[in-house]
1. Does any residue in segment 109-126 that is farther than 30 Å from Pro137 by Cβ come within less than 9 Å, Cβ to Cβ, of a residue that is assigned to a strand (DSSP E or B) and not β-branched (Val, Ile, Thr) six or more places away or on a different chain, and which pairs are these?
2. Condition first: closer than 27 Å to Ser138 by Cβ and either over 25 Å from the mean Cα position of the chain (by Cα) or part of a helix (DSSP H, G or I) (or both). Now tell me which residues in segment 75-87 satisfy that.
3. Being over 20 Å from Ser219 (Cα atoms) and either in contact with a Phe, Trp or Tyr (Cβ under 8 Å, 6 or more places away or on another chain) or in a helix (DSSP H, G or I) (or both) is the filter here; which residues of segment 177-205 pass it?
4. Does at least one position in segment 104-121 carry a residue that is surrounded by 15 or more Cβ atoms within 10 Å (Cβ to Cβ), part of a strand (DSSP E or B) and more than 19 Å from the chain's Cα centre (by Cα)?
5. Kindly provide the set of residues from segment 228-244 that are farther than 12 Å from Ala119 by Cβ and either among the hydroxyl-bearing types (Ser, Thr, Tyr) or touching a Lys or Arg at 6+ places or on another chain (Cβ under 7 Å) (or both), ordered by number.
6. Within the set of pairs 6 or more residues apart or between chains, which connect a residue that is assigned to a helix (DSSP H, G or I) inside segment 242-270 to a residue that is modelled with pLDDT of 70 or more with Cβ atoms less than 7 Å apart?
7. Can you pull out the residues in segment 122-140 that are within 15 Å of Ala79 (Cβ to Cβ) and not in a loop (DSSP other than H, G, I, E, B)?
8. Only one of these conditions is not met by Ala93: (1) assigned to a helix (DSSP H, G or I); (2) more than 19 Å from Ile158 (Cβ to Cβ). Which number is it?
Amino acid sequence: MRNRILGLAAGLTTLGLAGCDSPEQVYHAGQDHALYDMSRSALPYSPPAEPAPAPPPLDQERTQEIAPDTPATGAQYIAYTHLYGLSFQPGGAEAAMDTHRERCREAGPAVCQIRSANARTDRNQYFSATLQLRAVPSWIASFRADLQGETEAGGGRITTQTSNATDLTSPILDTEARLTAKRQLRDRLTALLEHENASVEELVQLERELSRVQGDIESSEAQLEAMRARVSMSTLNLNYSTERPPVSNGAFAPVGEALSNSVRNFSSALGDVITFLVFLIPWLVVIIPGGWLALQALRRIFRRRTK
């Protein structure tokens, strides 16, 4: 009886994991194939569990919500990423970034989320920033439709525009199929635990196998949730920059550039001198007394030779 129960558990695990199509998860039972040839009287008869119903087809409204730019042609899971580069006159980039950020906040976290926001201003007071948003496709479509008009109204222009689509249909469907098989395997192992004639050792081995299968189920559920989150919300990256004034090419442009650089060069040289003095001052405490003592010693030697 013990070998039969262990053989049945090993067989269920092997069949369940083989259905998951995951090579690294194949269970090596280590039992002889004769263990699987069990008589029907070994366990009380129970009707086979009905297979889990297939996931319902994605209706047209759900498909359009996930991928508004793609016609509804069945179960399609597409993750979109959009990138825009915006250039403004001084002061315009900061205002545009604040407007876009506030618009996302007003939509609420269920519609739009701010993933990251970075801004910097260089020594010439030129502003640059990046803003990453995740939002539902309908909000992204509305934002993109208004972006060019709002940018031009703020004295800016769109310098770059790219859109990428990642098809996650196959990974999501494969993960769902593996998850269904693992759940069926978990139910079968749970039924074996309820067998009255199982020994303590058999129960321990079944519990260990059931724990491993449950861990695989939770991992697959997390992967599936992450992929569905990528599909349900598109990513929008916005890069802001300030336009630099054109460089003058007049006849006296080199003279003006030299004069403007002279102050910077003088300040740099003065800074080097100060740095050298700061480095030298502590050593003067040693160099001056040491030099004086060396000079006195040389004088004594010279006087002795003259006598």
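1. Arg120/Phe127; Arg120/Ser128; Arg120/Ala129; Thr121/Phe127; Thr121/Ser128; Asp122/Ser128; Tyr126/Ser241
2. Within segment 75-87, Ala75 is the sole residue that qualifies.
3. Within segment 177-205, Ala191, Leu192, Leu193, Val200, Glu201, Glu202, Leu203, Val204, Gln205 meet the criteria.
4. no
5. Correct list: Ser232, Met233, Ser234, Thr235.
6. Between residues of segment 242-270 that are assigned to a helix (DSSP H, G or I) and residues that are modelled with pLDDT of 70 or more, there is no close pair.
7. Of everything in segment 122-140, those that are within 15 Å of Ala79 (Cβ to Cβ) and not in a loop (DSSP other than H, G, I, E, B) turn out to be Gln132, Leu133, Arg134, Ala135, Pro137, Ile140.
8. (2)
The values are calculated or read from the model by the stated rules, or taken from the named source; none is laboratory data. All of these numbers come straight from a predicted model, not from anything done at the bench. Here the Cβ is made from the backbone with ideal geometry for all residues, glycine too, and neighbour counts use every protein chain on show.
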